[in-house]
Amino acid sequence: MRIRKIVFIAISFIFFSAAYSYSADVAKIGIVDFQRILENSSTGKSAQSEINEKGKNMEAELKVKGAAIEELQKKLERDALVMSKEMREEKGREVRIKINDIKVLQKRYLSEFRELENRLVMRIKKDVMGIVEEIGKKEGYLLIIEKAGVLYYPNTIDLTDKLIQLYNKKEADKKK
């Protein structure tokens, strides 16, 4: 009976000391705001610039094509009275085909735009995740999470500014 008590006390001591040692690590938690990294890092800014430039080019091309279609429609309306019925139908069909073509082009551009955006964001995310892993291992973090689902956290555990600095430094070193 006495041996059972000693074994129980020893096991309890081991269990509680192990739990206490793990609970000491729980305090080392970090938060990262990936959106802020995209907005403030040099690579994020250049990616946003590239995305915006591509979007503006696509929009300009669609406007030019749209203006050409509008001009064609106006011409058709002006000349409709002097055209034969077959000619009006043919020109109307041409306008509808061009409208359909611009809709297809618009969908393709939207798809290309999203693909470019995803590719650039995923590249940045991959790079940042490598830096997060380095910081986590080097500084002994138990957990580093993205801010997206966190409702409250103290600013002292926010690693975003540190990550932006390290990421900018790493990207500048790559360019050299």
Subject >> Residue that is nearest to the chain's Cα centre (by Cα), among those in the range 106-124 that are exposed (fewer than 14 other Cβ atoms within 10 Å of the Cβ) and farther than 30 Å from V64 by Cβ >> reply: M122
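Inspect all residues belonging to the range 117-128 and state whether any of them is at pLDDT below 90 and basic (K, R).
Within the range 117-128, not a single residue is at pLDDT below 90 and basic (K, R).
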Subject >> Candidates I51, I37, I99, I31, filtered to the one that is in contact with a helix residue (DSSP H, G or I) (Cβ under 7 Å, 6 or more places away or on another chain), surrounded by 13 or more Cβ atoms within 10 Å (Cβ to Cβ) and over 28 Å from K147 (Cβ atoms) >> reply: I99
Original post:
Hey, among L81, L72, which residue is in contact (Cβ under 8 Å) with a residue 24 or more places away in the chain and of a type outside the set (D, E, K, R)?
Top reply: L72
**OP:** Give the number of residues within the range 141-176 that are within 19 Å of the chain's Cα centre (by Cα), at pLDDT 85 or above, among the aliphatic types (A, V, I, L, M) and not in a helix (DSSP H, G or I).
**Re:** 3
Original post:
Can you find a residue in the range 84-94 that is touching a residue at least 60 places away in the same chain (Cβ under 8 Å) and either surrounded by 15 or more Cβ atoms within 10 Å (Cβ to Cβ) or within 26 Å of K54 (Cβ to Cβ) (or both)?
Top reply: no
Original post:
Residues of the range 54-82 being more than 17 Å from R119 (Cα to Cα) and in contact with a helix residue (DSSP H, G or I) (Cβ under 7 Å, 6 or more places away or on another chain), which ones?
Top reply: M58, L62, K65, G66, I69, L72, Q73, L76, A80
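The values are calculated or read from the model by the stated rules, or taken from the named source; none is laboratory data. Values in this document were obtained by computation on a predicted structure and should not be read as measured data. Cβ atoms come from the backbone with ideal geometry, glycine included; neighbour counts cover every protein chain shown.
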